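The values are calculated or read from the model by the stated rules, or taken from the named source; none is laboratory data. Computed from a predicted model, the values in this text were never measured in an experiment. Cβ atoms come from the backbone with ideal geometry, glycine included; neighbour counts cover every protein chain shown. Ligands, DNA and RNA are excluded from the accessible area calculation, which covers all protein heavy atoms including side chains. Shrake-Rupley method; radii C 1.70, N 1.55, O 1.52, S 1.80 Å.
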Amino acid sequence: MEGVYILCFTALSTLVALCFVKFSGGKSKAKLPPGPWTLPMIGSLHHVISKVPHRKMFELSRRYGPVMFLKLGETPTVVVSSAEAASLMLKTNDLAFSDRTRSVTFDIFGCDGKDIAFAPYGDHWRQMRKVCVVELLSAKQVRRMEDIRADEVGNLLHSITAGALDGAMVNFSKKVSALSNDVVSRAVFGGKFKQQDEYISELDKAFTLVSGSSLVDLFPSSQLVRWFSNGEREVRKVYDGIQRIIAEIVDERKATSHGVSSTDEEDLLGALLRLQREDTLQFPLTTDVMGAVLFDIFAGGTDTSASALEWTMTELVTNPRVMAKAQQEIRQVLGEHRTVITNSDLDGLHYMQNVIKEVLRLHPPVPLFARSAREDCNIMGYDILKGTDVFVSLFAISREERYWENPEDFKPERFENNTIDYHGSYAQYIPFGAGRRQCPGMVFATSTVDIVLANLLYHYDWMLPDGATIATLDKSEKFRLTVSRKYDLELKAIPHVWSNGIPSK
Ligand code: HEM
């Protein structure tokens, strides 16, 4: 008898479903973008699984076009790979694409959408983004940051010079990664803190988890996957570790200074605690929310700048003509016997600025960034339905031959005699994204990259290690939140003849 009921129920549900599809019309007629063939359950995953997914997606986009459809597990995904499509998405339809992709992992690290980077578009995101921009980029903070950068660069120069006098190699990758961490730590927490190593190590685990897709992210609706996969538990464990450290730091700060820091000295944590005390924000600033925002600042601000510096030096040592021209400009503009060069010394270094622009084109630190469609939208004749994840491939866009002649060549001169910059007006060049969700750390990042590069090129001549040649230097990539070098860059630093100007500690 039960069998008859089940049969009737199934027949009825199928009929209702068919009627719904027939009469609701719209979505079944959607013209989705082309894409590679799919398999049941996993969709297109087998086409993109790779240690360097940005390159895989680039290859696929050459076959399927600038707007390509993929099904990643359960999630419909579109990859945008041309300036034209990116412009339609990020400028013409900015609001429709101003949500961020959601996933189980992002929701955990983003404190259920109450941070900045993983938050859905809306009032909460607007509040937190404003807090970040105002507190991070206020005139007072910019001045404070200049002192921090100059100090950290001074430390870097000392350690390189000390090593160079002993004939040691410089592990360039490790040095710039440590510097980026220290600059952001001082911006956020005011200085080194006792939990710093533990915090950075937990963040490191978190960045790896955020950049891979665990099974629960690919099949969020499957209870079976939730039970069997370890992914969610692992993410929660790392998240809890990070939040515990932040809670400790906040408690210590409140105990030592009652949460109040002198306004001139105020770091980002001090600013957040002040806002918490004043309690005038629409949405309360709990310690968990603070932890999630600080996570974004570290995630956005550390590996990205380190990656830009690492690739800059990789390109310079393998393009001696460009290295010589950049060094000549810096040494000529700044003159002899300078000590630590600061951000206010950088006017007039046009070629060096073009070198940095070219690095951000050829090696965009964030080669793919993700948004999500808030409503149905049409891009270049294809329907992108509400809830679809959209990856913008900066890697592909900055290799479009229509805009970039011989795109694989490293040629800073391509930025001469034009006004192309990275502020988001030129869709063919958007290393910091564009529109409402554009990177709020652009000035912070470029100021760090500028000052580090100017000092390193002014004070040293750089050489490949013995036995290595331009042709054999490995340029393999490692994909995480950003794309960095797979193998650390080791170089010889030879103090320039007038580098006796470096201040002693
Ligand atoms: C070379 C360095 C950097 C690069 C290439 C970079 C690139 C990007 C890109 C492509 C996005 C996505 C933009 C979009 O959706 O349109 C982004 C977002 C973001 N970045 Fe950066 N970034 C860098 C440095 C920084 C720094 C230094 C910080 C903070 C101190 C930061 C904080 C953020 C945050 C919070 C977001 C999320 C914004 C939102 O969703 O509203 N980034 N970044």
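So for Thr342, Thr448, what's the accessible-area order with a 1.4 Å probe, most first? Intermediate values should be presented prior to the final figure.
Details: Thr342 40, Thr448 5 Å².
The most accessible residue leads, giving Thr342, Thr448.
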- Message: List the residues, sorted by chain then number, that are 5 or more residues from Glu477 or on another chain and whose placed amide H is less than 5 Å from its amide H.
- Response: Lys486
- Item | Sequence of Tyr429, Tyr487 when ordered by accessible area, the most exposed leading, probe 1.4 angstrom | Tyr487, Tyr429
- Task: Whole number in Å², please: accessible area per residue of region 123-501, 1.4 Å probe, ligands, DNA and RNA not counted.
- Result: 42 Å²
- Enumerate the calculated ³J(HN,Hα) couplings along region 117-122 in order (Karplus 6.51 cos²θ - 1.76 cosθ + 1.60, θ = phi - 60°), each rounded to whole Hz, writing x wherever the residue is Gly or Pro. 5, 9, 6, x, 5, x
- Quick one: if you stick a label point 7 Å off each Cα along the C-beta vector at Ser138 and Met380, how many nm between them? 4.4 nm
- Item | Solvent-accessible ranking of Lys192, Lys492, largest area first, probe 1.4 Å | Lys192, Lys492
- Where does the charge balance sit around Pro40 when Lys and Arg score +1, Asp and Glu -1, over other residues with C-beta under 15 Å from its C-beta? 0
- Query: Using modelled amide H (1.01 Å from N, peptide plane; none on Pro or chain starts), what sits under 5 Å from the amide H of Asp99, excluding residues fewer than 5 places away?
  - Reply: Tyr121, Ser372, Arg374
- Compute the Kirkwood hydrodynamic radius of region 123-501, taking the inverse of the mean of 1/r over all pairs of distinct Cα atoms, and give it in Å to one decimal. 22.6 Å
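Just the number: Rg to Rh for region 168-259, Cα atoms, Kirkwood Rh, two decimals.
Values: Rg = 17.4 Å, Rh = 15.7 Å.
In region 168-259, Rg relative to Rh is 1.11.
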- Message: Please list 3J(HN,Hα) in residue order for region 381-390, calculated via the Karplus relation 6.51 cos²θ - 1.76 cosθ + 1.60 where θ = phi - 60°; whole Hz, with x for glycine and proline.
- Response: x, 10, 7, 10, 7, 3, x, 6, 7, 10
- Rounded to the nearest 10 degrees, what's the angle between the helix 2-24 long axis and the longest principal axis of the chain, both from Cα atoms, 0 to 90? 60 degrees
- Query: Which angle from 0 to 90°, rounded to the nearest 10, does the C-alpha axis of helix 442-459 make with the longest principal axis of the chain?
  - Reply: 30 degrees
- Item | FRET efficiency, His158 to Asp279 (Cβ-Cβ, R0 51 Å, nearest 0.05) | 0.70
- Task: Describe numerically, in nm with one decimal, the distance between label points set 7 Å from Cα along Cα→Cβ at Glu265 and at Asp166.
- Result: 3.4 nm
- Once phi for every residue in region 124-138 is put through the Karplus expression 6.51 cos²θ - 1.76 cosθ + 1.60 (θ = phi - 60°), the whole-Hz ³J(HN,Hα) values, with Gly and Pro written as x, are 5, 4, 4, 4, 5, 5, 5, 4, 5, 5, 5, 6, 7, 10, 5
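Out of all DSSP beta bridges with both ends in the chain, state the antiparallel percent to the nearest 5.
Numbers: 26 of 30 bridges.
Rounded to the nearest five, the antiparallel share is 85 percent.
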- Item | Inter-probe distance in nm under a simple model that places probes 7 Å from Cα toward Cβ, at Asn406 and Arg321 | 0.7 nm
- Query: Ranked highest first by average number of other Cβ atoms within 10 Å, how do 177-183, 219-225 line up?
  - Reply: 177-183, 219-225
- Please list 306-312, 400-406 highest first by mean number of surrounding beta-carbon atoms within 10 Å per residue. 306-312, 400-406
- Note on the structure: With a 30 Å threshold on alpha-carbon distance, the violating pairs from Lys114/Lys475; Lys56/Lys357; Lys175/Lys357; Lys325/Lys492; Lys31/Lys411 are Lys114/Lys475; Lys31/Lys411
- Message: Please list, ordered by chain and number, the residues whose modelled amide H lies under 5 Å from the amide H of Asp461; skip anything fewer than 5 residues away on the same chain.
- Response: Ile494, His496
- Query: Taking only Cα atoms, what is the 0 to 90° angle, nearest 10, from helix 139-165's long axis to the longest principal axis of the chain?
  - Reply: 60 degrees
